[in-house]
Amino acid sequence: MKHSFPLHRKLFVSHFVTTLLVSSAIGLFVYSTARDSLMEQLKNRLSSSAALISREIDANTLRDIRFERDITKPDYIEALQMLRQMRRSNDDIAFLYVMRKDEDGNVVFVVDSDESEDQALPGHVYESATEELMLGFVERSADQDLVTDAWGTFYSGYAPVINGHGEFLVGIDMRADEVRNKLVSVHRAALAGFLAAVGLSWLIATWMSRHFKKPIDAMVAQIQAIAAGDLDRKLDMQRHDEMDSLLNAINDMTSDLKKAREDNLRLAESLDDAFVDDKSPLQ
């Protein structure tokens with residue numbers, strides 16, 4: 001009888017799915033850990049960079065920069081040139097800027113390194129302040145996730161200006177594209193790991209399927225041979241596992257059946273001889 005879904009295929013599917021699920025779960029954990037580690041490194045880098053830059057800024061030179069008309073003041077021009085020079089030295093960085101927290105709790109720009117027409121001038125209110133940005137007025141911090149504002153989508157770090165007494169902070173923006181580019185290697189490694197898991201699962205499932213299919217096929221053939229009356233056939237196979245016990249049991253059964261058949265034949269011959277003797281004429 002031909003089976004629509006034979007045992008060796010069931011074994012293959014079960015082992016393939018099980019191995020793939022386990023490998024994928026491990027791979028997902030490793031990927032998540034690697035991604036979180038990279039994002040944590042980016043946060044530390046951005047906040048550390050902001051802290052280093054903040055040491056180069058004197059808050060006392062910023063206190064009189066409050067309105068758009070102040071862009072002509074020497075202190076503003078000097079701070080702007082410094083920020084732009086720092087930004088140009090690192091292609092990963094989109095913007096550097098100094099912000100102030102005013103008496104009403106609003107966050108306003110003081111100096112913005114943007115060299116386009118979208119540059120935020122002194123006094124411009126920033127409407128997208130996050131909790132991490134507000135924390136940056138008192139300690140190093142970085143956004144937990146990408147933040148979108150009028151200038152784009154960024155991952156940002158912040159640090160207070162040393163002598164700013166919680167009034168000023170330095171911000172540093174990294175574009176979302178740069179963040180995603182840094183995650184590409186992690187994504188590629190995860191994809192390679194998944195493909196490797198699929199290949200490994202396939203190999204293991206194939207090996208397990210063949211490992212059981214061969215002795216099962218041999219036992220089926222042996223049983224069919226016994227049914228056909230061939231008791232001289234033996235299973236010559238060593239598996240070095242529990243399957244050997246079953247193979248040996250079938251060989252023993254075959255030997256016992258052969259011995260029983262031979263005994264029956266001898267008994268039948270004896271009975272035939274006795275019957276002939278009983279039919280012979282009296283002397």
Practice item. Search the structure for amide H atoms under 5 Å from the amide H of TYR126, placed 1.01 Å from N in the peptide plane, and list their residues when 5 or more places away or on another chain. Key: VAL107, VAL108, PHE109
Exercise for review: Report the label-to-label distance for ASN181 and SER245 in nanometres (one decimal), using points 7 Å from each Cα along the Cα→Cβ vector.
Suggested key: 6.4
Revision key, fill the gap. Stretched fully, the stretch from SER89 through ASP104 gains (0.36 nm per residue minus C-alpha distance, one decimal, in nm) 1.9 nm
Point to revise | segment 72-111 shape via C-alpha gyration tensor axes, a/c threshold 1.5 | key: oblate
Review point. Using alpha carbons only, how many degrees (0 to 90, rounded to 10) separate the axis of helix 7-54 from the longest principal axis of the chain?
Key: 20
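Which FRET efficiency, nearest 0.05, do LEU191 and ALA150 yield, Cβ-Cβ r, R0 30 Å?
Efficiency for this residue pair is about 0.30.
Quick one: net charge around SER255, please, counting Lys, Arg +1 and Asp, Glu -1 for every other residue with C-beta under 12 Å from its C-beta. Present the calculation step by step, with values, prior to reporting the outcome.
Numbers: positive: ARG233, LYS234, LYS258, LYS259, ARG261; negative: ASP232, ASP252, ASP256, GLU262.
Surrounding charge for SER255 is +1.
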Check your understanding: What are the semi-axes of the equivalent ellipsoid for segment 1-81, taken as the square roots of 5 times the Cα gyration tensor eigenvalues, largest first, in whole Å?
Key -> 66, 13, 7
Review point. What percent do you get for the relative contact order of the chain when only Cα pairs under 8 Å and 6+ apart count?
Key: 21
Exercise for review: Provide the gained length on full extension for the span VAL125 to GLU269, in nm with one decimal, where the gain is 0.36 nm per separating residue minus the Cα-Cα distance.
Suggested key: 40.3 nm
Review point. Once amide H atoms are built 1.01 Å from N in the peptide plane, which residues 5 or more positions from ASP149, or in another chain, come under 5 Å H to H?
Key: PHE154
Practice item. Round to the nearest 10 and give me the degree value, 0 to 90, for the angle of helix 176-227's Cα axis relative to the longest principal axis of the chain. Key: 0
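Loop only by DSSP, 12 or fewer other Cβ within 10 Å of the Cβ. Give me the chymotrypsin sites (Phe, Trp or Tyr not before Pro) in segment 1-94 that pass, ordered by residue number.
On the way: sites: PHE12, PHE16, PHE29, TYR31, PHE67, TYR76; in loops: PHE67.
For chymotrypsin sites (Phe, Trp or Tyr not before Pro) across segment 1-94 that sit outside H, G, I, E and B with at most 12 neighbouring Cβ atoms in 10 Å, the list reads PHE67.
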Review point. Under Stokes-Einstein, with the Kirkwood radius over Cα pairs standing in for Rh, what whole-number D in µm²/s applies to segment 33-116 at 10 °C and 1.306 mPa s?
Key: 111
Check your understanding: So if R0 is 45 Å, what FRET efficiency would VAL17 and ARG63 give, r being the distance between their Cβ atoms, rounded to the nearest 0.05?
Key -> 0.10
Check your understanding: Nearest 10 degrees, 0 to 90: what angle lies between the long axis of helix 74-88 and the longest principal axis of the chain (Cα atoms)?
Key -> 20
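No value in this document is a laboratory result; all are computed from the given coordinates. The model shown is predicted, which means the values in this text are computed figures rather than measured ones. Every residue, glycine among them, receives a Cβ derived from its backbone with ideal geometry; neighbour counts consider all protein chains shown.
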